[in-house]
Every structure is written in C-alpha cells, then in structure tokens.
Ligand SMILES: NC(=O)c1ccc[n+]([C@@H]2O[C@H](COP(=O)([O-])OP(=O)(O)OC[C@H]3O[C@@H](n4cnc5c(N)ncnc54)[C@H](O)[C@@H]3O)[C@@H](O)[C@H]2O)c1
C-alpha cells in the first residue's frame with residue numbers, strides 16, 4: 001500500500017543524524033527523534049530544528065507513536081534485532097543500519113520478522129551502494145565495459161584507535177562486534193553487489209597487533225571464490241595506520257577499474273578492439289565527492305514507500321552479507337575453507 005504522508009522516526013543519532021538530514025532533504029515530516037543520550041538528542045534536535053516535544057530518550061515512544069509510519073534504526077548493531085522486531089510489530093516500515101545483525105540467530109530472527117510483516121517494507125542500509133564511485137563502477141560493469149569479471153578486491157581499512165582511547169567501553173568493543181561484520185560488511189557487500197552474486201568459498205586469515213581494546217583480530221584477509229570462477233579478496237582492518245578508504249579494484253576481460261570512496265576520480269583502463277590493455281596512464285573519470293550518500297539512500301527508501309515499489313537492498317541482501325562475514329571469521333579461526341550458509345529458514 002502506498003504511503004500517502006511519510007512521517008519518520010529516527011532512533012540513534014550518530015549515523016542517524018545523517019539519515020535525519022536525508023529525511024529532511026526529502027521533505028518527510030519528522031515525527032520524532034530518539035537517543036538515549038539527552039545531550040546528543042538535544043544537540044541534533046537544535047541543529048535540525050526538531051521541536052522539544054518531538055525528542056525522546058525512549059525508542060518505544062517512536063514505536064508507539066501512531067503518526068510515525070517509517071523508522072530509521074541507527075543504533076548499535078547488537079540492538080538491531082529487538083528494535084526491528086518491535087517496529088515491525090507496530091506496523092512501521094524500517095530502514096536499518098548495516099550490519100543487519102551480528103549473529104546467525106539474530107539474522108534468522110530478523111528475516112522471520114520481515115517475512116511475517118509483508119505489509120511493512122524493510123531496507124538494509126548498505127550505504128556503499130549509494131557511494132558515487134561505486135555506483136559508477138556498477139554502471140560500467142552493467143554496460144559490459146569491463147567484460148566478464150575475473151577478480152574483484154575491496155577493503156574496509158579504518159583506524160578505530162582514537163575512538164577507543166576516548167571510550168574504551170564503546171559498544172564496538174563487544175567481542176561479537178567483530179570488525180569483519182561491523183565494518184568489513186561494507187567491502188563484502190560491495191563485492192557481492194558488483195559481482196551480482198555471493199561468494200561460495202572463503203578462506204581467511206586474521207591477526208591482532210594494533211588494537212588492544214578488542215578481543216577479536218584487528219586485521220583479516222579473505223580470499224573468496226564467487227560463482228563463474230570469479231576470484232575475490234577482502235582486507236579488513238580496524239586499526240591500520242592509514243586514512244579511511246575502501247580501495248577497490250575490479251578486473252574484467254575488457255578492462256580494469258581502480259577506485260575508492262574518497263578520491264575525486266576513478267582510474268579506468270579499457271582494452272582496445274584488439275583486446276590490448278591500456279599501457280599508459282589510466283583514463284580518469286570524475287567522481288562527485290559531495291557527502292550525499294545518506295540523502296540518496298533515504299530517497300530510495302522513501303520512494304519505495306510512496307510508490308509501493310520493491311527495495312533492492314532487502315533483508316536477504318543484508319543477511320547474505322553478514323553470513324559471508326561470519327564465514328570469514330570462522331575461516332580465520334579454523335584455518336579451513338568455509339562455504340557461507342545462505343539459508344535463512
Ligand atoms: N552506513 C555507514 O557508513 C555507517 C557508519 C557508521 C555507523 N554505522 C552503523 O550505524 C549504527 C550506529 O552507529 P554509529 O556510528 O552511529 O554509533 P554511535 O555510537 O556514534 O551512535 C549511536 C547512537 O545511538 C544511541 N543509542 C544507543 N542505544 C540506543 C537506544 N536503545 N535508543 C536510542 N538511542 C540509542 C547512542 O547514544 C548513540 O548516540 C551501527 O549499526 C553502525 O554499524 C553505519
């Protein structure tokens with residue numbers, strides 16, 4: 001059923017503040033915003049002009065608010081399952097931040113809840129699918145410019161050290177919030193999306209030398225096999241001594257794309273009609289770096305509600321990405337090749 005008047009609730013105002021801006025930019029009414037931290041709640045409320053009577057520290061106020069028909073969930077990963085369930089039970093459409101959840105049990109529960117509420121739309125917030133360079137890469141692949149893919153690699157390399165120094169008990173220190181699922185899901189999801197298929201075999205290795213605040217490996221390297229003999233590689237680091245970027249290379253029979261989420265150009269090599277690769281400098285394709293990914297992401301969610309259309313980033317997309325990440329962790333621990341489990345019944 002089409003939503004006639006979109007009234008949005010936003011729960012969690014870290015990344016949620018970016019989504020709030022996306023919702024305001026879209027022209028949605030903001031029914032309420034929520035954060036358990038009153039300081040953050042009021043700061044974001046003031047900045048975005050949300051009246052005090054539309055601010056709350058209890059997310060159940062949003063769940064129970066009959067005016068609100070769509071909820072953005074941007075709370076710590078461990079809370080997604082319970083909050084998704086509550087929102088769906090209350091008949092709300094939900095956009096939930098990545099990763100969908102941290103464990104297979106929670107993934108199954110969320111899939112079950114979404115399936116039990118077909119009247120509610122659900123979107124997983126895999127924001128990389130809205131990052132301009134990544135969108136451009138997908139376009140080149142779909143247009144056939146890269147040819148048949150044979151190797152794809154990406155990474156999530158992000159130094160969390162200062163964040164833990166400020167707050168050692170940060171929710172990201174939970175052993176279940178392994179950096180591979182928490183952040184690595186961006187790179188894994190990106191490759192799944194660009195290849196348009198799921199890795200079927202994963203072999204990974206992990207090491208822990210940089211981040212004393214966590215029990216999990218702070219760096220992992222995964223080698224993947226996708227269907228049709230496409231090779232994949234993902235590097236995840238939550239403490240690398242480098243700026244945060246997701247450097248990505250896509251190799252196909254007709255060309256190669258080299259890009260990331262921070263550069264204003266993407267490097268492109270296309271073979272000539274004789275199949276000869278470009279030996280000189282790459283062609284530089286401009287990339288729009290404006291920070292509007294969350295705006296584009298919210299628009300997809302909102303348009304789907306207003307027009308009653310399907311959302312590509314479904315619960316299954318979020319679930320498969322996490323299952324591939326869990327396979328990386330399992331392989332790192334066991335030293336064995338793992339076949340990710342994509343059955344959600
Ligand atoms: N898409 C992206 O690029 C991206 C980037 C960062 C984080 N994330 C994801 O977004 C989610 C939030 O991460 P973050 O970086 O914003 O974390 P954060 O710690 O910066 O912010 C989370 C906020 O939620 C609040 N909160 C915690 N429990 C709450 C509850 N029960 N009800 C209401 N508010 C609550 C906290 O007070 C905090 O302000 C996570 O799932 C994370 O993985 C996604």
- Task: Within the stretch 315-345, work out how many residues are within 21 Å of residue 97 (Cα to Cα) and modelled with pLDDT under 95.
- Result: 1
- Message: Of everything in the stretch 93-104, what is within 15 Å of the ligand (Cβ to nearest atom) and either touching a helix residue (DSSP H, G or I) at 6+ places or on another chain (Cβ under 7 Å) or assigned by TED's automatic domain parsing to the domain that holds residue 182 (or both)? Give them in sequence order.
- Response: 94, 95, 96, 97, 98, 99, 100, 101, 102
- Sole residue being within 16 Å of the ligand (Cβ to nearest atom), modelled with pLDDT of 95 or more and surrounded by fewer than 21 Cβ atoms within 10 Å (Cβ to Cβ), chosen from 148, 142, 85: 85
- Item | Test: residue 162 is free of Cβ contacts under 8 Å to residues at least 12 places away in the same chain and within 16 Å of the ligand (Cβ to nearest atom) | yes
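Yes/no per residue for (1) more than 12 Å from the ligand (Cβ to nearest atom); (2) free of Cβ contacts under 8 Å to residues at least 60 places away in the same chain; (3) closer than 23 Å to residue 337 by Cβ; (4) touching a helix residue (DSSP H, G or I) at 6+ places or on another chain (Cβ under 9 Å):
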| residue | (1), (2), (3), (4) |
| --- | --- |
| 176 | yes, no, no, yes |
| 182 | no, no, no, yes |
| 195 | yes, yes, yes, yes |
| 210 | yes, yes, no, yes |
| 231 | yes, no, yes, no |
- Count, please, the residues in the stretch 122-147 that happen to be more than 24 Å from residue 293 (Cβ to Cβ) and in a helix (DSSP H, G or I). 0
- Item | Residue in the stretch 135-144 that is in contact (Cβ under 8 Å) with a residue 24 or more places away in the chain, outside the structural domain of residue 235 (by TED's automatic domain parsing), touching a strand residue (DSSP E or B) at 6+ places or on another chain (Cβ under 8 Å) and within 30 Å of residue 306 (Cβ to Cβ) present | no
- Message: Take residue 125 and tell me if it is within 9 Å of the ligand (Cβ to nearest atom) and either surrounded by fewer than 24 Cβ atoms within 10 Å (Cβ to Cβ) or touching a residue at least 60 places away in the same chain (Cβ under 8 Å) (or both).
- Response: yes
- Screening 153, 119, 115 for residues that are modelled with pLDDT of 95 or more and either part of a helix (DSSP H, G or I) or within 16 Å of the ligand (Cβ to nearest atom) (or both) leaves only 115
- Do we have any residue at all in the stretch 303-313 that's without any contact (Cβ under 8 Å) to a residue 12 or more places away in the chain, under 24 Å from the mean Cα position of the chain (by Cα), in a helix (DSSP H, G or I) and not assigned by TED's automatic domain parsing to the domain that holds residue 229? yes
- If we keep only residues of the stretch 285-302 that are in contact with a strand residue (DSSP E or B) (Cβ under 9 Å, 6 or more places away or on another chain) and assigned to a helix (DSSP H, G or I), then the residue surrounded by the fewest Cβ atoms within 10 Å (Cβ to Cβ) is 300
- Message: Residues to consider are 90, 109; find the one that is within 30 Å of residue 69 (Cβ to Cβ), surrounded by fewer than 20 Cβ atoms within 10 Å (Cβ to Cβ) and touching a strand residue (DSSP E or B) at 6+ places or on another chain (Cβ under 9 Å).
- Response: 90
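The values are calculated or read from the model by the stated rules, or taken from the named source; none is laboratory data. Since the structure is predicted, the reported quantities are computational estimates derived from the model, not experimental observations. Counting neighbours? That spans all protein chains shown, and the Cβs are built from the backbone with ideal geometry, glycine included.
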